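Dropping the structure in here first, questions after.
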Amino acid sequence: MKSPNRLFATAGLCAALAVPAFAQTVKVTPLGGIEGEFCPQDRALVFEDPNGTRVLYDPGRTVAGASDPRLGKIDILLVSHMHGDHLGNAHNKAPNAGSCAEPDMSVSAMPNSVAVNIALAKNAKIVTGSEMPPFFAAKLRANGGNPANSMLARFGGSVTVGGVRIATVTAMHSNGLDPDYIGGELGKAMKEAGIAGDVGLATGYVLRFSNGLVAYLSGDTGVTADQEKVVRDLYQAKLTVMNIGDGFTTGPAEAAYVVNELVKPASVIASHANEVGTVGGKVRPGSKTEAFVKAAKMPVHVPLSGRTMEFDATGKCTAGC
Ligand SMILES: [Zn+2]
């Protein structure tokens, strides 16, 4: 039970901030391929906690490198797994380069990756699970950065950075590290043998923001029992970022099953569609995105690049959707 003094102190703090904690919102801004659209390579989302902490999830290829002006301050990077479309093996030449269907991703980020280059430039923490942290620590060290900025949150544990609690959860996917990130004779030999580096299991994330909002970021995954037993029952996620692309991850029907029957959040942000999801900012008829929006029982928000959405503690979109 809170003491009257504690309650008073909390009320005073909220008055000072002018907005009660429960009414504060987390801002979610997609950094996609084309302004105002949902494009095939889009994965990157920036979450801004009400306290100002900014979290970049899966920068991938649409963030135009560490100097992309859309990034602003970045405190924390999350990388669900090591595949090039998430870690960022190449990136857009500039924000909005090329078209939605055919982006200009002609700038290589090898052997560092887009994620590592951003972490170095922003002096950000990289929080990953499984066995990925030593890879990031080595890349940071090799480039004059601080290896301690690579932090572990393995399944069942969590770390809190800048007031955001970060946990990882299982993702049913693969997680091979392209030998080009390793380089040298070893990388060359691995490439010739057709094998990838082992950095443990792929992951998803559960974030708890300072206003109480709990968000589940699926990463690339199939359907898992943990989506019910861990993401819903234990963490009680109210906002879900769900990958819907099919082939590599859950498709629209499977993703709809996950949100309708397992996680049951208040709202969903579609992600990783691997298609032109919108034209003129409207969902394209016949698209996987449309199929998912129709199949989900709760509001599905399509992440239009550069358009900020705001979510309250209950997972409800209160602005920008
Ligand atoms: Zn992927």
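Here, each number is a calculation from the coordinates, and none is a lab measurement. The model shown is predicted, which means the values in this text are computed figures rather than measured ones. Using ideal geometry, Cβ is built from the backbone for each residue, glycine included, and neighbour counts are taken over all protein chains shown.
Here's the yes/no breakdown for (1) more than 23 Å from T29 (Cα to Cα); (2) touching a Ser or Thr at 6+ places or on another chain (Cβ under 8 Å); (3) not hydrophobic (A, V, I, L, M, F, W, C):
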{"residue": "A225", "(1), (2), (3)": "yes, no, no"}
{"residue": "L234", "(1), (2), (3)": "yes, no, no"}
{"residue": "G251", "(1), (2), (3)": "yes, no, yes"}
{"residue": "E254", "(1), (2), (3)": "yes, no, yes"}
{"residue": "V268", "(1), (2), (3)": "no, yes, no"}
{"residue": "H272", "(1), (2), (3)": "no, yes, yes"}
{"residue": "G286", "(1), (2), (3)": "yes, no, yes"}
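Hey, can you tell me all the residues within the range 61-86 that are out of contact with any helix residue (DSSP H, G or I) (no Cβ under 7 Å at 6 or more places or on another chain), assigned to a loop (DSSP other than H, G, I, E, B), within 11 Å of V114 (Cα to Cα) and within 16 Å of the ligand (Cβ to nearest atom)?
T62, the sole residue that qualifies.
Conditions: (1) surrounded by 16 or more Cβ atoms within 10 Å (Cβ to Cβ); (2) closer than 16 Å to L87 by Cα; (3) out of contact with any Ser or Thr (no Cβ under 6 Å at 6 or more places or on another chain). H173 meets all but one. Number of the miss?
Going through (1) surrounded by 16 or more Cβ atoms within 10 Å (Cβ to Cβ); (2) closer than 16 Å to L87 by Cα; (3) out of contact with any Ser or Thr (no Cβ under 6 Å at 6 or more places or on another chain) one by one, H173 breaks only (3).
Which residue, of I118, I166, is in contact (Cβ under 8 Å) with a residue 60 or more places away in the chain, closer than 30 Å to G277 by Cα, in contact with a strand residue (DSSP E or B) (Cβ under 8 Å, 6 or more places away or on another chain) and assigned to a helix (DSSP H, G or I)? If you could, list the steps in order and put the result at the bottom.
Values: I166 fails: assigned to a helix (DSSP H, G or I).
On inspection, the qualifying residue turns out to be I118.
Taking only pairs six or more apart or across chains, which ones have beta-carbon atoms under 9 Å, a first residue in the range 233-249 that is on the phi > 0 side of the Ramachandran plot, and a second residue that is within 16 Å of the ligand (Cβ to nearest atom)?
Sorted first by the residue in the range 233-249, then by its partner, the pairs are D246/P252; D246/E254; D246/A255; D246/A273; D246/N274; D246/K288; G247/N274.
Okay, moving on. Please work out if V259 is touching a residue at least 60 places away in the same chain (Cβ under 8 Å) and not in a loop (DSSP other than H, G, I, E, B).
Answer is no for this residue.
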